[in-house]
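The values are calculated or read from the model by the stated rules, or taken from the named source; none is laboratory data. Please read all numbers here as calculations on a predicted model, not as lab measurements. Positions of Cβ are backbone-derived with ideal geometry, glycine not excepted, and every protein chain shown enters the neighbour counts. Please note that ligands, DNA and RNA were not included when accessible areas were found on the heavy atoms of the full protein model with its side chains. Shrake-Rupley method; radii C 1.70, N 1.55, O 1.52, S 1.80 Å.
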Amino acid sequence: LVSSYPTLTPLVTAMIDFSREELDHFRIVHRILVARGLALAPHAPDPYARALVTRIRRGEEATLCDRLLVAGIIEARSCERLLLLAEALPGRDAELASVYLALARAESRHHGLFLRLARTLCGERAALERARELLDFEGPSDRRRPGRARRRAPAMNHRTTTFRRWILPIAVLTTASL
């Protein structure tokens, strides 16, 4: 986003803060992996995120709006999955449950950030109408995900793909033991 819209100072400033927080989360997860004798898995494209990205419209303003909204939807889904994991783990791995809960809270903030940016930079009405369209598309594609990974509530009521690249190794190990 920053390289595509370098003159949008509010966006650039927000993305710098967002990137720093994501990198800190990466560091936390990497330390846990290393402490448990694990390594990062290679990146595998996510069909869910890929399907949402195909809905991004052409045209500078439309593309900006859609990219922000798609990022927000993905953040909301990450939040939901992390909450499911955090809720399943307290008796089995309290440390990991705590980390998942902290990450879920961050994903919730990120969802809100992307929605606020879309509303500010693209207009309240346009952003909310487009969010509804994307959520209408996202619903059926979300139902194709495995049962435990499905959403529990609409994304825009509570709160990027990069995140999934490094959280999934722990998530896969955790859900395999449930």
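Within 18 Å of the chain's Cα centre (by Cα), closer than 30 Å to Leu121 by Cβ and in a helix (DSSP H, G or I) - does that describe any residue in the stretch 86-100?
No; the residues of the stretch 86-100 include none that is within 18 Å of the chain's Cα centre (by Cα), closer than 30 Å to Leu121 by Cβ and in a helix (DSSP H, G or I).
So which residues in the stretch 98-126 are farther than 16 Å from Ala76 by Cα and small (Gly, Ala, Ser), if there are any at all?
As a first pass, look at the stretch 98-126 and keep what is farther than 16 Å from Ala76 by Cα: 98-99, 119-126.
Of everything in the stretch 98-126, those that are farther than 16 Å from Ala76 by Cα and small (Gly, Ala, Ser) turn out to be Ser98, Gly123, Ala126.
Looking at (1) at positive phi; (2) in a helix (DSSP H, G or I); (3) of a type in the set (Gly, Ala, Ser), which is the only condition Ala71 fails?
Against the list (1) at positive phi; (2) in a helix (DSSP H, G or I); (3) of a type in the set (Gly, Ala, Ser), Ala71 comes up short only on (1).
Restricting the search to the stretch 24-58, which residues are under 18 Å from the mean Cα position of the chain (by Cα) and of a type in the set (Val, Ile, Thr)?
Ile28, Val29, Val53, Thr54, Ile56 - these are the residues of the stretch 24-58 that are under 18 Å from the mean Cα position of the chain (by Cα) and of a type in the set (Val, Ile, Thr).
Just the residues that are closer than 16 Å to Leu121 by Cα and not in a loop (DSSP other than H, G, I, E, B), please, taken from the stretch 53-65.
Listed by number, the residues that qualify are Glu60, Glu61, Ala62, Thr63, Leu64, Cys65.
Return only the number of the condition from (1) buried (at least 16 other Cβ atoms within 10 Å of the Cβ); (2) in a helix (DSSP H, G or I); (3) under 18 Å from the mean Cα position of the chain (by Cα); (4) not small (Gly, Ala, Ser) that Glu21 does not satisfy.
All conditions pass for Glu21, except number (1).
Give me the pairs, please: first residue somewhere in the stretch 78-100 and under 19 Å from Gly112 (Cβ atoms), second residue anywhere and basic (Lys, Arg), beta-carbon distance under 6 Å, and either six or more positions apart or on two chains.
Listed pairs, sorted by first residue: Cys79/Arg159; Glu80/Arg151; Glu80/Arg152.
Name the single residue that is least open to solvent (accessible area, probe 1.4 Å) among those in the stretch 24-52 being touching a Leu at 6+ places or on another chain (Cβ under 9 Å), in a helix (DSSP H, G or I) and not hydrophobic (A, V, I, L, M, F, W, C).
His25
Taking the stretch 63-115 as the search range and keeping residues that are basic (Lys, Arg) and open to solvent by 10 Å² or more (accessible area, probe 1.4 Å), which one is modelled with the highest pLDDT?
Going through the stretch 63-115, the residues basic (Lys, Arg) turn out to be 67, 77, 81, 92, 105, 109.
Filter once more, keeping what is open to solvent by 10 Å² or more (accessible area, probe 1.4 Å): 67, 81, 92, 105, 109.
Values: Arg67: 96, Arg81: 91, Arg92: 84, Arg105: 93, Arg109: 92.
Among them, the one singled out is Arg67.
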